[in-house]
Each structure stands twice: as C-alpha cells, then as structure tokens.
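**Q** Please find one structure pasted underneath; my questions will follow.
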Amino acid sequence: MTEPYLSLPIDDQAAASLRDSGLRLALVDTADDDAFDAWLSADARGFHSKQPSPAALAQQRELLRHRRTTGVYDDNIPVPHSPVGTVNSWPAPLTVPGPGQVDSWLISSVTVAPTHRRRGIATAMLPAELRTAVALGLPVAALTVSESTIYGRWGFGPSAFSTAWTIDARRAGWIGPATRGRLSFTTAPEFIETGRALLARQNAAHAGEVGLSEYLADRTMTPLEGAPDASTYRIVRYDGPDGDPEGFVTYTITEDDSDFTNATLDVVALVATTDAANAALWRYVIEMDLVSTVRAHTRAVDEPLPWLVRDIRRAKVTKVQDHLWTRILDVPAALEARRYENAGTLVLEVDDPLGFADGRFRVAAGSDGVASVTETTDAPDVSLPVGALASVYLGAPAAAGLAAAGRIDGDAVALDRLFRTAVPPRLSSWF
Ligand SMILES: CC(C)(COP(=O)(O)OP(=O)(O)OC[C@H]1O[C@@H](n2cnc3c(N)ncnc32)[C@H](O)[C@@H]1OP(=O)(O)O)[C@@H](O)C(=O)NCCC(=O)NCCS
C-alpha cells in the first residue's frame, strides 16, 4: 500500500481527544483479514444491516481494500478488537460545473456503536477526516448521508438533491422521441467493462456526480454478495445507431402474487450518456408487458421524464431529498475548479468555525466562464457559512432559499446569478 492517502498517519488531534475518553483511534490494516472483518462487521452493525456472511466479508475485503479505513477501539470492553467507531475514505474526482473535475475526499461508513453513542466519537472522526483531506491537498470533501441532521455541524452543506419516481406504466403513455439505436440484454460478466466506462462518461458530464470505484460502479450491474435480489437483476444495454454503447438499465421485477399482469419494475440504475439512450431506456421500462408500476430512485431533480409521457401525473415524484453533501476546504481551489455561466465579480465572506475555509475572497468570473479567486480585504457582497457555500457550489438554486432563511447575508441575487447553473447538479449513486 504505497498510496499517500493510505499511509498518512492517523490524525493526532483526534487520537488525543479520544485517548482522553479512554478510546484508541487507529488505521485498520486491511491486509489483516481478522482486523478488517471485525471492522466490516462493525460497519454493517452500525447501519443495522445483517452480519455479512464469510463470502460477503471476503468480497468486501477485496473491493474495499483501497479505502483508508479507520476504527475507534475501546480496549476496556470484552471484545476490544471490534471497533466502536468506523469511517473510511478515499480520493475521487467530483464533477463540477463546466463540466470539470475537482479532486475530492469521499467519506463513508461513518458509524458509532450504539453502546458508545453521543460521547463525541463522530466529533473526533469527522474533523480528523477533514484534516486528512487538507493534508492530502484535496480542496473538497463529500459524502451521502443517512440523516440530514448530522453533518452541517462540520461545515458540510447539501449540494445536490435527488428524486424518486413511481410511474403508472399503463397510463403514462409514451410520447418521447423515437430512437434509432438498439436495445439488447446483456449480463454483468460480459458487460462490466463497458458499463464502467459508460458510468465514467456519464458522471464526468454532470456536476455533482463522482468518479466511481469498481465497487461502486459494479453494484449498478451486479448485486453484492448476500443481496436478497441476487438472481433477479436484468441488464439491458442501448447502443446508438452507429453501434457504440450509450447506456444501460439494470432492473428487477417483482410479481404480484394475485395478478400476473400487475408486476412492479424497480430500476436499479439507468445510465445514459446521450438523450437518446435516456429516452430509449425509459421507454423500455415503461412499456414492459405485465408491468403496471415502475419505480426509480436517485434520479436528477430535472429528470426529463415528465416531458416523455403523455400523462404527466402518472409519473410522480415520490421523494425529493438532499443527497450529495460537500464540504469546502480550500475556497480558491474549489471555486476555481468550476466554470461560471455568467461573468461577474463577488466578494464572499466565508465563516468556517473549523477554520479551513475561513476568509474573504474575491471571485471574478470572466466571460469565458473561468474564475480567479483571491483573498481580499474589500467589503463583502455576501457573507455566508461554509455549509451555505457548499449548497450553491455545484450550481443548485439554493441562494434565494438560504437568504430567506436568514442563513446568508448580502446580495443573494448576485450570488445566485454567479453560481447557479442552467442544469442543476445531481448524484445518481450512494457512497
Ligand atoms: C451519526 C453517528 C455516527 C453519530 O455518532 P456519535 O459519536 O454518537 O456523535 P457525537 O457524540 O460525536 O455527536 C456529535 C453531535 O452530533 C449530534 N448528533 C449525532 N448524531 C446525530 C443524529 N443522528 N441526528 C442529529 N444529531 C446528531 C449529537 O447530538 C452531538 O451534538 P452536540 O455537539 O450539539 O452535542 C451515530 O449516531 C451513528 O452511528 N448512527 C447510525 C449510523 C449512521 O446513520 N451513520 C451516518 C452515516 S451517513
């Protein structure tokens, strides 16, 4: 393991504060199967998932070895090798408006054993992750969250929302464009490389998406060991008129025991690198015989589905949810990485109680969309906490709401004009 992010020592400050509570912060040696299994089991327990089988543990060891894996241990409990706190993290590109990419620190598997909750373990682990990201020179950290009440305190803000849909497939009525490509069934073993490439291409084109590790990419095509629906995944690929792959949909179908014509189709992933692929794959699932309901989740807030069906009300958004949370650590690097759709200059006063992003910055975006971001002593146009900056960072229409809520001061209209993008950010995976 030679990657700097794997070998960087544990954060001193967090280790010291946990030591004061009789706890030990340690990097997990992911080459040590017993230690890693104990950590993986604690992670599953922390999310109330079932204990992974030996086969599932073996798979996870293999697929998650590349992550920096940290545990908090209580050496005074009877089973001290089982961590009471878990977190893992790894660098990955985050797509920003442009599209461009910013190197980010993705954080996952944040759990604290219910036996040790609310003693400040998460409070030690999360800032430690942020300091580690800074030590690695990464300007942004990001995560997806189980609850939206947790991460604001460490300067994260919701940066991209997602939608879930339920479609009355019999009544929606397809009116989308005819497409000229070809649909065909495939299987994970034969398609996985192509699927990974399609995901990479799709995600590099949309602000808010992240570069997926093989672990995260492959889950869209094949269930992990132990998943209850392991044998039910179907994958259909869409190849454009010239034969090039442009997308795929993975789905499961659940029969209705009392009515064979009333099945429900759940979209696991619908990946498209072109509008034609998106339309063709939606049409495919909506027009499926013997299926009356189609459900999909982690879709964009501007999913074009309502415009593809005759009866808009039969394609219902059942959930709109904060999904990607980001944490800006280096304001100039983060803001210069993206492009801006309107030229303009703004002075931002950023408040960051943890000190990473604190300061006053002039953001000057030219007509080419490129911005220079420099520290300044000029009077601020907008004052905002670092979490609010995260909420406008990727182009979401958040400025007016934040101003109405009293969470930013100053010229929110100018902030919106500079940061908002015509296409809102999205994230179509969990990590
Ligand atoms: C979320 C979790 C990691 C917090 O761990 P913890 O060690 O108990 O948290 P801390 O003791 O450091 O608490 C820090 C602060 O966050 C608050 N907090 C912690 N979890 C919270 C939650 N779920 N909702 C709201 N506030 C929460 C605490 O009240 C505390 O607030 P204070 O500083 O004002 O007193 C833990 O509850 C957990 O494992 N939950 C289940 C798994 C999960 O949801 N993980 C998050 C994955 S994204």
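**Q** Which residues, taken from the range 166-185, are outside any helix (DSSP H, G or I) and buried (at least 19 other Cβ atoms within 10 Å of the Cβ)?
**A** Once the filter is applied, which keeps residues that are outside any helix (DSSP H, G or I) and buried (at least 19 other Cβ atoms within 10 Å of the Cβ), the range 166-185 yields Ile167, Gly176, Thr179, Gly181.
**Q** Continuing with this model, one more query. Hey, can you tell me all the residues within the range 77-115 that are surrounded by fewer than 17 Cβ atoms within 10 Å (Cβ to Cβ) and within 12 Å of the ligand (Cβ to nearest atom)?
**A** Scanning the range 77-115 gives Pro114, Thr115.
**Q** For the range 231-287, give me the residue count where each residue is outside any strand (DSSP E or B) and among the aliphatic types (A, V, I, L, M).
**A** Total satisfying the criteria: 7.
**Q** Go through the range 65-76 and report how many residues are more than 16 Å from the ligand (Cβ to nearest atom) and either within 16 Å of Leu216 (Cβ to Cβ) or touching a Ser or Thr at 6+ places or on another chain (Cβ under 7 Å) (or both).
**A** 3
**Q** So, restricting to helices (runs of 4 or more DSSP H) that lie completely within the range 1-59, which ones have at least 2 residues that are in contact with a helix residue (DSSP H, G or I) (Cβ under 6 Å, 6 or more places away or on another chain)?
**A** Ranges flagged: 12-20, 33-46.
**Q** Mind listing just one residue for me: the one in the range 141-150 that is among the polar types (S, T, N, Q) and under 13 Å from the mean Cα position of the chain (by Cα) and, of those, farthest from the ligand (Cβ to nearest atom)?
**A** Thr144
**Q** Of the numbered conditions (1) farther than 29 Å from Arg310 by Cβ; (2) in contact with a strand residue (DSSP E or B) (Cβ under 6 Å, 6 or more places away or on another chain); (3) among the polar types (S, T, N, Q); (4) surrounded by fewer than 22 Cβ atoms within 10 Å (Cβ to Cβ), Ser159 fails exactly one; give the number of that condition.
**A** Just one mismatch for Ser159, condition (4).
**Q** Kindly check whether there is at least one residue in the range 116-129 that is over 24 Å from Asp37 (Cα atoms) and surrounded by 23 or more Cβ atoms within 10 Å (Cβ to Cβ).
**A** Checked the range 116-129: no residue is over 24 Å from Asp37 (Cα atoms) and surrounded by 23 or more Cβ atoms within 10 Å (Cβ to Cβ).
**Q** Additional query: In contact with a Lys or Arg (Cβ under 9 Å, 6 or more places away or on another chain) and more than 30 Å from Leu270 (Cα to Cα): is that true of Ala343 in this structure?
**A** It is false that Ala343 is in contact with a Lys or Arg (Cβ under 9 Å, 6 or more places away or on another chain) and more than 30 Å from Leu270 (Cα to Cα).
**Q** Just to check your reading of the model, which residue among Ala405, Ala365, Ala343, Ala379 is surrounded by fewer than 16 Cβ atoms within 10 Å (Cβ to Cβ), touching a Gly at 6+ places or on another chain (Cβ under 7 Å) and farther than 25 Å from Leu130 by Cα?
**A** It is Ala343.
**Q** Only one residue in Arg153, Arg118, Arg131 is within 7 Å of the ligand (Cβ to nearest atom), of a type in the set (Lys, Arg) and closer than 20 Å to Arg327 by Cα. Which one?
**A** On inspection, the qualifying residue turns out to be Arg153.
**Q** All but one of (1) within 6 Å of the ligand (Cβ to nearest atom); (2) touching a residue at least 40 places away in the same chain (Cβ under 8 Å) hold for Leu138; which doesn't?
**A** If we test Leu138 against (1) within 6 Å of the ligand (Cβ to nearest atom); (2) touching a residue at least 40 places away in the same chain (Cβ under 8 Å), just (1) comes out false.
Any read-out appearing in this document is the output of simple, stated calculations on the displayed coordinates, not a laboratory observation. Bear in mind the structure is a predicted one, so any value in this text is a computation, not a measurement. Backbone-built Cβ (ideal geometry, glycine too); neighbour counts: all protein chains shown.
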